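So the structure is just underneath, and the comments pick up after that.
Bear in mind these aren't lab numbers, they're just calculated from the coordinates by the rules spelled out. Since the model is a prediction, treat every value here as computed from it, not as a measurement. So basically every Cβ, Gly included, is an ideal-geometry build from the backbone, and we count neighbours across all protein chains shown.
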Amino acid sequence: MRKDFLWGGAVAAHQVEGGFNEGGKGPNVSDMMTVGSATTRRKITKTIEPDQFYPNHTAIDFYHHYKEDIALFKEMGFKCFRTSISWARIFPMGDEETPNEEGLKFYDDMFDELLKNGIQPVITLSHFEMPYHLVEKYGGWRNRKMITFFVRFAKVCFERYHNKVKYWMTFNEINNQANYEADVAVFTNSGIIFEEGEDKERTVYQAAHYELVASAMAIKEGHAIDPSMMIGCMIAMTTIYPYSCNPDDMLKAVGANHKRFWYMDVHARGRYPGYMKSFFERKNFNLDITEEDLAVLPQGTVDYIGFSYYMSFAVKGDGDVNLDYNEETDLCDNPYISKTEWGWPIDAKGLRYSLNWMYDRYNLPLFIVENGFGAVDQMVDGKVHDQYRIDYLKAHIEEMKNAVDIDGVDLLGYTVWGCIDCVSFGTGEMKKRYGFIYVDKDNAGQGTLARSKKDSFEWYKKVIESNGEKL
Ligand code: BGP
């Protein structure tokens, strides 16, 4: 492993900060979601209902506890800490011209605290935190105007923090709306609430196009402000295996991976791949894609590929010559791997496979910005003994090292998701925990918020100290 390898942890502002209406912040999309569970989706409300519980409103109150939390990250030896800048702290409505100084100051202080402790911030610009006003007034990313609002926000952040932040990402898991039936992912990524009778599929592809243009424009602006900034994308890397070596399964997997990862092709190559152009034509989408849009894409390609890795999937062929893929219906169980309590397949070797796949395809540096194990932790005699989490992380780090040391992949760093317990994005629960640090707060929002170290805390500290040698 390289000497300057960026070991660390990751969270997102909305899942840790709380303080949802403090410091001049406006409500964002995640503030409008109630709690769900492994089997029920979170509910999206259009106004904040007083009788509903919104877990993100208070989260783990990182907004007021960040100094204490950063001290613990330092104790573990973190080299970097990934979080996001909550868009609605900077532009509470999203469409105003002047940013909110109090919001900017909060991130200045937090980044200073990190840097003082030898930890570099790694920042996502849009991690499910679009100002809700943009949903109400403009329909979110279905509207081209969003490009202007996002680029303005990105520019303000780059100008303000370029001396403090080197690594950036534009949109978190931009491809996690490929499954357009999963309203929560579409809503959080693009701020879209579907209208009766609308062609959902077309709407989602249109929104994705505007996001990709906005990302390219932001990267172009960022590089003009400070060329030393490394600005990447962030992809949910859930690689899709063919169920077998049956050529139909093989081809179906090609089609499925195209549909899931074409976003990465545009981010990295600055142009639409042939298979997407033909798909748009076949579907008669008539998307609003202008010559100017196509001209800007290659001017804002990414410097590296950031990605989350939790699981892999499998598909069986169905003889469809178009290789069309529907995430709701086409995936099948992989008999070789087990699943977590939340039904997430566990596949450490898939991480090595994915690293190779992306590096071969783009030849760009990679950054694992999320990987981790969500579980219900029990306190026994005042401590969480989370050997299951250590086992999961160890297996993934081993495969990551194989990809680097044997396969020659250029990897910048590894940040463990939810390094401190936080609100689950998928369910809004607190009981689905990922942290090395336990936070005393339950699903109903009750608890002292006290932080305590789990067994994995000491383990990860040794991993970092030994640069991945001692697992
Ligand atoms: C990714 C998101 C994160 C995060 C993580 C774990 O999809 O980028 O925000 O929460 O997954 O998911 P969950 O919280 O649903 O377990």
Practice item. Evaluate the distance, in nm, between pseudo-label points positioned 7 Å from the Cα of residue 101 and of residue 225 along their respective Cα→Cβ axes. Key: 1.9 nm
Practice item. State, to one decimal in nm, how far the label point of residue 53 lies from the label point of residue 182, with both points 7 Å from Cα in the Cβ direction. Key: 2.4 nm
**Study point:** DSSP-loop GluC sites (Glu not before Pro) across the range 55-147, with at most 13 other Cβ within 10 angstrom
**Key:** 97
**Study point:** Rg over Rh [alpha-carbon atoms, Kirkwood Rh] for the range 1-136
**Key:** 1.01
Practice item. Would you mind calculating the gained length between residue 356 and residue 246 on full extension (0.36 nm times residue separation, minus the Cα-Cα distance), in nm to one decimal? Key: 37.3 nm
Practice item. Quickly work out the residue 469-to-residue 291 label distance, labels modelled 7 Å from Cα along the C-beta direction, and quote it in nm with one decimal. Key: 6.0 nm
Review point. Using r as the Cβ-Cβ distance of residue 144 and residue 380, and R0 as 60 Å, what FRET efficiency do you calculate, to the nearest 0.05?
Key: 0.65
Check your understanding: Where does each of 14, 258 land when they are ranked from fewest to most other beta-carbon atoms within 10 angstrom?
Key -> 258, 14
Check your understanding: Working from the pairwise distances between different alpha carbons, so that the mean of 1/r is found and then inverted, what is the range 264-416's Kirkwood radius in Å?
Key -> 18.5 Å
**Study point:** Computed FRET value (nearest 0.05) for residue 4 with residue 196, which takes r as the C-beta separation and R₀ as 45 Å
**Key:** 0.25
Check your understanding: Between residue 452 and residue 116, what is the FRET efficiency for a Förster distance of 22 Å, r being their Cβ-Cβ separation, to the nearest 0.05?
Key -> 0.40
Study note, to complete from the structure: Rounded to whole angstrom, the alpha-carbon centroid of the range 289-324 lies from that of the range 341-412 at a distance of 22 Å
Revision key, fill the gap. Residues whose modelled amide H sits under 5 Å from the amide H of residue 411, counting only those 5 or more places away in sequence or on another chain, are 366
Revision key, fill the gap. Total charge of the residues flanking residue 158 in space, meaning their Cβ is under 9 Å from its Cβ, with Lys and Arg +1 and Asp and Glu -1, is -1
Study note, to complete from the structure: Membrane-span-like helices (DSSP H runs, Cα span along own axis at least 24 Å, mean Kyte-Doolittle at least 0.0) in the chain -> 145-161
Check your understanding: At q = 0.08, 0.09, 0.10, 0.11 Å⁻¹, what log₁₀ I(q)/I(0) does a Debye calculation on the Cα points of the chain give, no solvent, two decimals?
Key -> -0.43, -0.55, -0.70, -0.87
**Study point:** Rg/Rh (Cα only; Kirkwood hydrodynamic radius) as it applies to the range 154-250
**Key:** 1.10
**Study point:** Most positive-pole-ward Cα, 44, 138, 208, against dipole of the chain from beta carbon charges
**Key:** 208
Review point. So for 376, 302, 321, fewest C-beta neighbours within 10 Å to most, what's the order?
Key: 321, 376, 302
